[in-house]
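Undergrad: First the structure, which I've put down as structure tokens, then a few questions once you've had a look.
The values are calculated or read from the model by the stated rules, or taken from the named source; none is laboratory data. All figures in this text were calculated on a predicted structure; none of them were measured in a lab. Cβ atoms come from the backbone with ideal geometry, glycine included; neighbour counts cover every protein chain shown. The area values use the complete protein model at the heavy-atom level, side chains included, leaving out ligands, DNA and RNA. Shrake-Rupley method; radii C 1.70, N 1.55, O 1.52, S 1.80 Å.
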Amino acid sequence: MAARDSSLMDFQPKQPTLLMLSHCVPDALGNAARARVWQLLRLVSRSYKVHLACRMDGPIRLDQWRAARGLTGRLAMQMPATRLHPFDWFRRQLAPTLGSELGDIVPESGADVVLCTHPALMADSQRVDARFKVCDVDAPASAWALGAARQPGLSPERLAETFDLLTTGHASYLEEARLLHRPAIVLPDAVDLASFPLQPSAAVAEPPAPLLLFHANWQGPAAQEPFTWFRRNVWPAVQQAVPEATFARTPSAHEIGAAGSADLLRAASLVVLPEGNPRLARWPVMQAMASQRPVIANASAVEDLGARDGVHLLTAARERDWSRLCIESLRSARIRLKLALGARAFLEHYATGDAGVAMLRALDPREGPPTSLSRAA
């Protein structure tokens with residue numbers, strides 16, 4: 001009987017292979033870049049055997065490595081350029097590449113699909129034989145095309161010529177007509193709720209001293225400006241009105257020895273995110289909401305998210321609004337409980353499933369790519 005079962009298994013359809021080339025380490029709890037890559041990895045691992053080659057954009061913890069390894073058949077991480085021999089560092093700065101790490105994980109028969117998480121990995125994708133090539137453009141073309149000065153081959157025209165399909169977190173990232181010459185799918189940013197498990201008392205537990213937590217996309221120095229502004233202009237008024245409150249911020253990806261963002265988010269009484277750029281604010285806002293925490297965000301940064309002010313979160317536009325909302329929220333357990341429950345409920349009904357299905361269908365050889373931009377967002 002065992003032999004018969006084994007022979008029957010030989011006739012089962014072989015799972016297609018997807019080679020994922022990433023510019024950073026996937027991490028659901030990380031900055032915007034890492035969280036977006038994790039979203040893509042979780043999605044494609046539903047239908048493909050995934051082999052992942054990624055750059056180490058900073059220190060990683062063992063739990064981060066284990067999470068990525070659990071979704072991949074093969075995993076290779078490139079050493080940061082700053083730890084390389086000076087000549088190799090200079091070469092990789094001029095022409096970033098995954099180098100030998102790529103060759104170590106490419107199947108002998110090639111891959112059915114190649115997925116690049118950033119246009120800068122276009123040259124790497126061209127080294128791999130695959131029937132279908134995809135690139136995630138998770139920023140306006142004007143933001144990443146600046147790198148064309150260092151990489152002459154990196155241009156919107158070249159991108160459209162190289163890839164069969166483009167994916168993006170927001171339709172506005174593909175506004176340039178040159179990019180729309182290729183089929184494209186909008187896959188809205190969406191947190192992995194399974195990475196934010198709720199504790200039974202998460203919504204009602206209150207520490208002796210309420211914790212006001214500043215959370216941001218610590219992907220670059222831009223996050224420091226709103227943090228400095230809040231600590232200088234808002235926190236003193238809050239501290240005076242609620243003297244028992246404490247203030248902290250989540251760590252960046254490079255502060256590996258600091259307390260993890262997930263633990264701080266779960267412990268926070270109130271999370272604030274003054275960042276005004278929607279592209280930088282979306283991920284930390286959703287991470288805080290997924291942790292079932294009351295959130296105060298910049299009004300202009302979350303206006304297209306779909307969350308209702310006063311029900312799912314609070315929004316502020318002016319300095320006095322920030323001070324008033326922080327003080328009122330820290331003083332009222334009822335306000336915090338209402339917002340915490342509303343935040344998680346919103347994400348649990350956040351409609352992204354259709355966009356994920358559309359992307360997987362576009363990669364299916366029996367379906368073929370879409371013929372126009374999908375505004376699934």
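Undergrad: Solvent-accessible area of Tyr48, probe 1.4 Å, all protein chains present, reported in Å² to the nearest ten, please.
TA: 10 Å²
Undergrad: Which lysines, if any, have their Cα less than 23 Å from the Cα of Lys14, not counting same-chain residues under 8 positions apart?
TA: Output for Lys14: Lys49, Lys133.
Undergrad: Which of rounded, prolate or oblate describes region 266-345 when judged by the alpha-carbon gyration tensor and an a/c cut-off of 1.5?
TA: Since a/c reaches 1.5 but b/c is at least a/b, the shape of region 266-345 is classed as oblate.
Undergrad: Whenever you get a sec, line up Met56, Met20 from highest to lowest accessible area (probe 1.4 Å, protein heavy atoms).
TA: From most exposed to least exposed: Met56, Met20.
Undergrad: Now a separate question. Compute and list, largest first, the equivalent-ellipsoid semi-axes of region 32-71 from the alpha carbon gyration tensor, each √(5λ) rounded to a whole angstrom. Numbers along the way, then the final one.
TA: Numbers: eigenvalues 61, 28, 17 Å².
After scaling each eigenvalue by five and taking roots: 17, 12, 9 Å.
Undergrad: Leaving ligands, DNA and RNA out of it, rank Trp283, Trp65 by accessible area with a 1.4 Å probe, largest first.
TA: On the way: Trp283 5, Trp65 105 Å².
Descending order: Trp65, Trp283.
Undergrad: Multiply the residue gap between Ser300 and Glu348 by 0.36 nm, knock off their C-alpha separation, and tell me the result in nm, one decimal place.
TA: Full extension from Ser300 to Glu348 adds 15.0 nm.
Undergrad: Quick one: if you stick a label point 7 Å off each Cα along the C-beta vector at Glu225 and Met56, how many nm between them?
TA: Once both label points are built, they end up 3.2 nm from each other.
Undergrad: With a 1.4 Å probe and all protein chains in place, put Arg34, Arg308, Arg69 in order of accessible area, largest first.
TA: Arg308, Arg69, Arg34
Undergrad: Counting only residues 5 or more places away or on other chains, whose amide H sits under 5 Å from the amide H of Val25 once H atoms are built in the peptide plane?
TA: Residues meeting the amide H criterion: Asp57.
Undergrad: Could you state the accessible area per residue of region 33-78 in Å², with a 1.4 Å probe and every protein chain left in place?
TA: Numbers: 1810 Å² over 46 residues.
Result: 39 Å² of accessible area for each residue.
Undergrad: Any idea of Thr228's accessible area? Nearest 10 Å², probe 1.4 Å.
TA: Probe radius 1.4 Å; accessible area of Thr228 about 50 Å².
Undergrad: Treat each spin label as a single point 7 Å out from the Cα along the C-beta direction, and report the Asp192 to Arg69 distance in nm.
TA: Result: 1.5 nm between the two label points.
Undergrad: Would you check the accessible area of His349, probe 1.4 Å, heavy atoms only, in square angstrom rounded to 10?
TA: 150 Å²
Undergrad: Given labels modelled 7 Å from the Cα in the Cβ direction, how far is it in nm from Arg324 to Asp309?
TA: 1.1 nm
Undergrad: Amide H to amide H, which residues 5 or more places from Leu75 or on other chains are under 5 Å from it, using H placed in the peptide plane?
TA: Leu52
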